[in-house]
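Novice: The structure is given below, and queries will be raised subsequently.
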Amino acid sequence: MAQHQRRRARAVRSAQRRGRGLPRLGRPAGRRVRAGLVPAHEVGQAAVRRARWLHLERPIWTLPSLDLSYSDSFELQFAALSFAAPARNHYAYKLEGFDDKFIETDRPFATYTKLDGGHYLLRVRAANRHGVWNEAGIALKLSVAPPLWRTWPAFGFYVLVLAGAVYLLFRMQQQKVRRIEREGRLAVVERDLALSGAVQSGFLPEYNEINSQHVHLFGFYRAADACSGDWWWHELIGRRHVILVGDVTGHGPGPAMVTAAVATAFRVLTGSGLADVKQALELLNQVVLHVAKGKYHMTMSALELDEQTGWWVAHSAGAPPILSLDQSGKHRVHFCPGSPL
């Protein structure tokens with residue numbers, strides 16, 4: 001027994017001198033670790049090699065975790081210190097967090113490439129030629145640094161980008177909805193304006209040119225917008241031609257409605273037999289006050305022309321002056337004071 005122990009001690013010392021059974025890290029292209037497995041729980045010294053050999057005070061599997069990068073290729077070389085028949089030694093290893101079960105092999109090494117970031121525990125067991133396993137084995141802690149794009153700061157950046165994209169999409173959708181609503185409102189307004197303009201044209205004389213034995217009348221009308229408060233009218237009352245020209249302040253449906261109310265009221269008045277233009281203007285003033293509620297005002301010029309005598313009378317409700325020309329071409333400006341309706 002003593003001779004056997006002496007032979008075993010010499011083998012351990014020889015393995016230490018040759019670097020066998022001692023953990024070490026290998027070439028720059030990857031990392032290698034050699035670890036000795038002794039069924040009788042006898043372990044030797046350990047050394048780690050990076051740029052040079054470093055002697056460790058205890059086995060590598062008792063040290064803190066080995067730091068690796070996600071791009072490293074990691075190889076662990078191990079040896080069972082059973083020298084009776086080393087070719088018949090068997091090994092089993094398992095990388096907890098990666099392997100589901102132990103992997104049995106007769107090769108004294110295990111290789112892993114490009115592990116995901118995280119913490120792992122590599123367990124290694126060995127069996128001699130009789131199949132007796134060292135159930136305790138050894139364990140090596142590994143800590144693999146994840147790539148930059150899989151770190152927590154990167155995830156935080158992704159969340160910020162996603163939140164910004166969602167917010168930008170929400171704002172774009174809001175602007176799209178507002179644009180559609182605005183276009184819809186504009187379409188409604190344009191349709192209303194077109195309808196108001198069509199209705200307003202019904203309150204104008206059917207013909208722009210009116211001819212009689214002694215009077216030749218030509219009227220021209222062009223609205224400043226789709227609908228407006230401009231209006232003119234001709235009415236023949238007995239031998240008198242009555243011509244009215246009115247203008248409501250502003251443009252749009254509001255002034256057009258005031259004009260429609262005035263035109264309708266004047267037709268009703270003349271149709272009921274009212275021949276006094278001055279009285280008709282007073283009644284129209286009441287109509288404007290009732291319809292416009294003080295928001296709109298209407299200027300109006302009214303001209304009464306007697307076809308037989310050629311005499312004419314002008315009435316003004318805040319309208320511009322009247323310009324007349326005699327047979328010689330001499331003109332005259334007629335001012336007629338008055339306040340708008």
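The values are calculated or read from the model by the stated rules, or taken from the named source; none is laboratory data. Only a predicted model underlies this, so the values are computations on that prediction, with no experimental measurement involved. When we count neighbours, we look across all protein chains shown, and the Cβ atoms used for this are built from the backbone with ideal geometry, even at glycine.
Novice: Can you spot a residue in the stretch 230-240 that is modelled with pLDDT under 80, surrounded by 15 or more Cβ atoms within 10 Å (Cβ to Cβ), in the same structural domain as Glu282 (by TED's automatic domain parsing) and not acidic (Asp, Glu)?
Specialist: No, because not a single residue in the stretch 230-240 is modelled with pLDDT under 80, surrounded by 15 or more Cβ atoms within 10 Å (Cβ to Cβ), in the same structural domain as Glu282 (by TED's automatic domain parsing) and not acidic (Asp, Glu).
Novice: Within the stretch 105-121, track down each residue that is at positive phi and part of a strand (DSSP E or B).
Specialist: Gly118 - this is the single residue of the stretch 105-121 that is at positive phi and part of a strand (DSSP E or B).
Yes/no matrix, rows are residues, columns are (1) surrounded by fewer than 12 Cβ atoms within 10 Å (Cβ to Cβ); (2) more than 18 Å from Pro86 (Cβ to Cβ); (3) among the small types (Gly, Ala, Ser):
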{"residue": "Thr105", "(1), (2), (3)": "no, no, no"}
{"residue": "Thr111", "(1), (2), (3)": "no, yes, no"}
{"residue": "His119", "(1), (2), (3)": "yes, yes, no"}
{"residue": "Leu122", "(1), (2), (3)": "no, yes, no"}
{"residue": "Asn128", "(1), (2), (3)": "no, no, no"}
{"residue": "Ala139", "(1), (2), (3)": "no, yes, yes"}
{"residue": "Leu142", "(1), (2), (3)": "no, yes, no"}
{"residue": "Pro146", "(1), (2), (3)": "no, yes, no"}
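Novice: Turning to a different aspect of this structure: Residue by residue through the stretch 292-339, note down the ones that are out of contact with any helix residue (DSSP H, G or I) (no Cβ under 6 Å at 6 or more places or on another chain), under 20 Å from Trp231 (Cα atoms) and touching a residue at least 60 places away in the same chain (Cβ under 8 Å).
Specialist: Within the stretch 292-339, Leu303, Leu305, Ala319 meet the criteria.
Novice: Kindly evaluate Arg179 against the criterion of being surrounded by fewer than 11 Cβ atoms within 10 Å (Cβ to Cβ) and either closer than 30 Å to Arg222 by Cα or free of Cβ contacts under 8 Å to residues at least 60 places away in the same chain (or both).
Specialist: yes
Novice: Okay, next question. Among the residues of the stretch 283-322, which ones are in a strand (DSSP E or B), within 24 Å of His216 (Cβ to Cβ) and of a type outside the set (Val, Ile, Thr)?
Specialist: Selection gives Met300, Ser301, Ala302, Leu303, Glu304, Leu305, Asp306, Trp312, Ala314, His315, Ser316.
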